[in-house]
1. Taking only protein heavy atoms and a 1.4 Å probe, what accessible area per residue, in Å², does the chain have with all protein chains in place?
2. Calculate, in nm to one decimal, what S95 and F7 gain on full extension: separation in residues at 0.36 nm each, minus their alpha carbon distance.
3. Which percent of the accessible heavy-atom area of the chain goes to carbon and sulfur, probe 1.4 angstrom?
4. Can you give the calculated 222 nm mean residue ellipticity of the chain, where each DSSP H run of n ≥ 4 adds -39,500 (n - 2.57) and the sum is split over every residue, rounded to the nearest 500 deg cm²/dmol?
5. What ranking, highest mean first, results for peptides 79-86, 61-68 when packing means the other Cβ atoms within 10 Å averaged over each residue?
6. If you project the alpha carbons of region 34-77 onto the principal axes, what extent comes out on each, in Å, largest first?
7. Give me the distance in nm between label points sitting 7 Å out from Cα along the Cα-to-Cβ direction at K35 and N73, one decimal.
8. On a 0 to 90 degree scale, rounded to 10, what angle separates helix 5-28 from the longest Cα axis of the chain?
Amino acid sequence: MATVRPFLYAGAFGGIGLIMIAVAGLEFGMWHPPKEEPIAGMLAGSILEALYMAFAYAITGVAAITAPFAPENRVVAWVFAVSLFIAGMMWLFLSITVFYGHVGFFPH
């Protein structure tokens, strides 16, 4: 575990960056979908997709921040596992909708 710990600390700093990206995305409106999007266009003009993306980044950041401390503490390990699972499911759902909206929706 001692060999991997420096990489986990580097990942924790990356997690702080992910949380800052989440805040910046909400502040500057980076995740508002255009109306032309097949699936996400239904949420155009709504804050729902922007919140979804911000939470996906922020929860992934929380998982990265707690990763170096998870082996020593049960509560931190539980927070790490739950946040990693939730973030993974959020990214999976997003990738499925993006695939369907850009590739699967327009068969050749």
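1. Values: 7200 Å² over 108 residues.
Result: 67 Å² per residue.
2. Extra length from S95 to F7 when fully extended: 29.0 nm.
3. Values: 5560 of 7200 Å².
On the chain, the fraction of accessible area on carbon and sulfur atoms equals 77 percent.
4. Working: 3 runs with 69 residues, N = 108.
Value at 222 nm, helices only, nearest 500: -22500 deg cm²/dmol.
5. 61-68, 79-86
6. 48, 14, 12
7. It works out to 4.9 nm between the two label points.
8. Approximately 30 degrees, to the nearest 10.
The values are calculated or read from the model by the stated rules, or taken from the named source; none is laboratory data. It should be emphasised that the depicted structure is a prediction, and the values quoted were computed from it without experimental measurement. Neighbour counts are summed over all protein chains in view; Cβ atoms, including those assigned to glycine, are modelled from backbone coordinates with ideal geometry. With ligands, DNA and RNA removed, areas are computed over all heavy atoms of the protein, side chains included. Shrake-Rupley method; radii C 1.70, N 1.55, O 1.52, S 1.80 Å.
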